[in-house]
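What follows is a short report on a single structure.
The values are calculated or read from the model by the stated rules, or taken from the named source; none is laboratory data. Only a predicted model underlies this, so the values are computations on that prediction, with no experimental measurement involved. Reconstructed Cβ throughout: ideal geometry from the backbone, glycine too, with neighbour counts over all protein chains shown.
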Amino acid sequence: MTIQWFPGHMAKARREVTEKLKLIDVVIELVDARLPMSSRNPMVEQITAGKPRLIVLNKADMADKRVTEQWMQALRADGVDVVAVDAKHNKGLNQIHEGALRLMKEKHARMREKGRNPSAIRALIIGIPNVGKSTLINRLAGRNIAITGDRPGVTKRQQWIKMKTGEMELLDTPGILWPKFDDQVVGYRLAATGAIKDDILNIDDIALFALRELKTRYPEQLRERYRLDEVSGEAVDVLEAIGKKRGFVSGGYVDFERTSEMLLHELRTEKLGRVTLETVEEWETHA
Ligand code: G4P
């Protein structure tokens, strides 16, 4: 689904998330492990203020393991509870339930002191489009649920989905938030990983951006994939060399659009290996 974020939509999305927050104990904020900051909503802290929050680095199977570990350490050092999972292949999801229990520990202890038995933890999954919210809800529920999102004019009764563990319930419609569009680099990072649709930005520009990132961060993976002797030249020259290697040439010229589409497809489907496009260090100097 393509979502165009205009100020009116943003206000509506925020209102909807705020309404849902009233019903729950814990927020499960899903982010893309390949872009732990760019795939967050810039105002998420403000929007979810007052609710215990677990950050889930999803798509960890596609991210650079070493960098994911660094992100987790940095976030934990900041007092944030964070786990890394792969919702698509059902890996590490027990950590979500454990994390929610951790966040509710003190409240549950107080309830028990008063002789009350804590009821199932009610949680809401929030995140930007395409981060894996529907996939995660289905995996946690252990069955496929039609997740339609909120449609204008259709008021849907909120339903609770019992998780396999039984001690936790999820709201069946996730909270959709918008990414930080006003920062160009953030936009290109999201586009490179496929989080935002290609028609928003020019495909060649996204591919050249992705190539610059890969040349700097993962030169070996790039070299190996396309059997290039070197990748240190200008991104446009590397793109041309890749096009030639793949035989995307007509009339003596490399077809840049086709090469760009192929490169992005391969980046998004892990053919280029596991990659993370932002590090803790860069984010600290950027912020
Ligand atoms: P959303 O509700 O937040 O918008 O995201 P959704 O669950 O629809 O997931 C978006 C895409 O991300 C889907 O791919 C989904 O399979 C993929 N995905 C979700 N979690 C993970 C994960 O942990 N690892 C990996 N590798 N992929 C994940 P798609 O290509 O749109 O659909 P499909 O062909 O995979 O079904």
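Table: residues versus (1) surrounded by fewer than 20 Cβ atoms within 10 Å (Cβ to Cβ); (2) within 16 Å of the ligand (Cβ to nearest atom); (3) of a type in the set (Asp, Glu).
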{"position": "Ala33", "(1), (2), (3)": "no, yes, no"}
{"position": "Pro36", "(1), (2), (3)": "no, yes, no"}
{"position": "Ala49", "(1), (2), (3)": "yes, no, no"}
{"position": "Lys59", "(1), (2), (3)": "no, yes, no"}
{"position": "Lys65", "(1), (2), (3)": "yes, yes, no"}
{"position": "Trp71", "(1), (2), (3)": "no, yes, no"}
{"position": "Asn90", "(1), (2), (3)": "yes, yes, no"}
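Based on this model, can you work out whether Gly247 counts as modelled with pLDDT under 95, surrounded by fewer than 19 Cβ atoms within 10 Å (Cβ to Cβ), on the phi > 0 side of the Ramachandran plot and not aliphatic (A, V, I, L, M)? No: the conditions fail for Gly247. Only one of the listed residues (Val44, Val56, Val31) is outside the structural domain of Arg217 (by the TED database) and within 22 Å of Lys107 (Cα to Cα). That residue is Val56.
Of all residues in the range 159-176, none that is not assigned by the TED database to the domain that holds Val17 has its Cβ atom under 9 Å from the Cβ atom of a residue that is assigned to a strand (DSSP E or B) and modelled with pLDDT under 85, 6 or more apart or on another chain. Restricting attention to the range 258-278, the residues that are touching a helix residue (DSSP H, G or I) at 6+ places or on another chain (Cβ under 6 Å) and either free of Cβ contacts under 8 Å to residues at least 12 places away in the same chain or surrounded by fewer than 17 Cβ atoms within 10 Å (Cβ to Cβ) (or both) total 2.
Against the test of being touching a Lys or Arg at 6+ places or on another chain (Cβ under 6 Å) and either over 27 Å from Ala13 (Cβ atoms) or in a helix (DSSP H, G or I) (or both), the options Val236, Val231 yield a single qualifying residue, Val231. In the range 15-54, the residue that is farthest from Pro174 (Cα to Cα) out of those that are basic (Lys, Arg) and touching a residue at least 40 places away in the same chain (Cβ under 8 Å) is Arg34. Could you please let me know if Val67 is in the same structural domain as Leu140 (by the TED database) and under 23 Å from Val17 (Cα atoms)? Considered against the rule, which asks whether it is in the same structural domain as Leu140 (by the TED database) and under 23 Å from Val17 (Cα atoms), Val67 comes out as no. Among the conditions (1) closer than 22 Å to Arg143 by Cα; (2) in contact with a Phe, Trp or Tyr (Cβ under 7 Å, 6 or more places away or on another chain), Asn41 misses just one, which is (1). Look at the range 118-140: where a residue is more than 10 Å from the ligand (Cβ to nearest atom) and a partner is of a type in the set (Phe, Trp, Tyr), sitting 6+ places away or on another chain with Cβ atoms under 8 Å, you get Arg122/Trp160. Report the residue count in the range 1-60 for those that are closer than 20 Å to Ala191 by Cα, charged (D, E, K, R) and assigned to a loop (DSSP other than H, G, I, E, B). Counting residues in the range 1-60 that are closer than 20 Å to Ala191 by Cα, charged (D, E, K, R) and assigned to a loop (DSSP other than H, G, I, E, B) gives 3.
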